[in-house]
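The structure appears below as structure tokens.
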């Protein structure tokens, strides 16, 4: 064994972890191992020695926030999300400087245009292929419900170096009871494409309006170049049960429709 890293963590964090004390892995870049911990710390370690180069706190377990995702490194940024949609956490994506750990930007899933880093005139709504307009998030919530609006970002992210965009999904809105938050609850349960250098959103495609309960459907966005209508297309593939919706990234988030992965049954089945 060359070295071992086992930091002391906030013992309160497991009590607000939705789905066990999981960790979805590490990243490596520029001689550094990048890691997150359940109690919302991000660490950069010297890959040779295991020594801590920098660490930052990305959230607060006392506020229901935890971290389980693997960091994504793009250029000189370390990009991480947050968990805790079950506890009224307002989701966000954060980029830290790879060398120093200084926060470069933070973009929330719901809230004001400034908070979510949407440009009303330039950020495209993938469903309509038109600009989202001013206050695209807050106007779809009743009162201040967006402040507990969920849309957490605990899954896996993809990066397209050709378009210089990071793709990720946001989780279910908060609270779970939809009668408390009438409206479309944008931009929860949404695929979002952002510039990794600035955090500004290029487009957003909301998959489900006013989602009740919990969803993990958008947390596994995989970028692929596949044939579509006889020409190569850049597609984001999102696995939802036995259906695979595909959303074109080159077309500013336009939806290409679902594809069945498992054929429907052809004969009678016995239910047990």
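Each reported figure results from applying straightforward, stated rules to the coordinates on display, with no laboratory input. Because the structure is a prediction, the values reported are computed rather than measured.
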Contact order relative to length for the stretch 22-222, counting C-alpha pairs under 8 Å separated by 6 or more residues, stands in percent at 17
Given the stretch 9-95, what whole percent of its Cα pairs are spread farther than 17 Å? 45
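In Å³ and rounded to a whole number, note down the convex hull volume per residue for the Cα atoms of the stretch 130-204.
It is 95 Å³ per residue.
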Averaging the inverse of every distinct alpha carbon separation and then flipping it gives the Kirkwood radius. What is it for the stretch 22-222, in angstrom units? 16.7
Cα-based equivalent ellipsoid, the stretch 47-121: semi-axes from gyration tensor eigenvalues, Å: 24, 18, 9
